[in-house]
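These notes are about the structure you will find just below.
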């Protein structure tokens, strides 16, 4: 299945995710946000907020074809 990913602030990685345009990633059916985090080489604690289709969700959330995912780091007083 394909999902799209945006990352913000220090989580931006070239060819992995950007803050301007979403980057498509292929995952096996039934994959979770944690699977995406592991696949891309992030540490789970780097990511403070996960959005799926504009809703804040836990990293254990299962993803579906076409989901729009965004990762945000802890910033300021978070």
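Things to note:
- Were the residues from residue 26 through residue 55 laid out at 0.36 nm apart, the gain over their Cα-Cα distance would be 8.3 nm.
- The slack in the chain from residue 64 to residue 4, taken as 0.36 nm per residue of separation less the alpha-carbon distance, amounts to 20.5 nm.
- Ranked list, fewest to most other Cβ atoms within 10 Å of each Cβ, for 33, 57, 50: 57, 50, 33
Rule-based calculations on the coordinates, nothing more; no lab input. Since we're looking at a predicted model, the values are computed, not measured. A quick note on method: Cβ atoms are made from the backbone with ideal geometry, for glycine too, and the neighbour counts reach across all protein chains shown.
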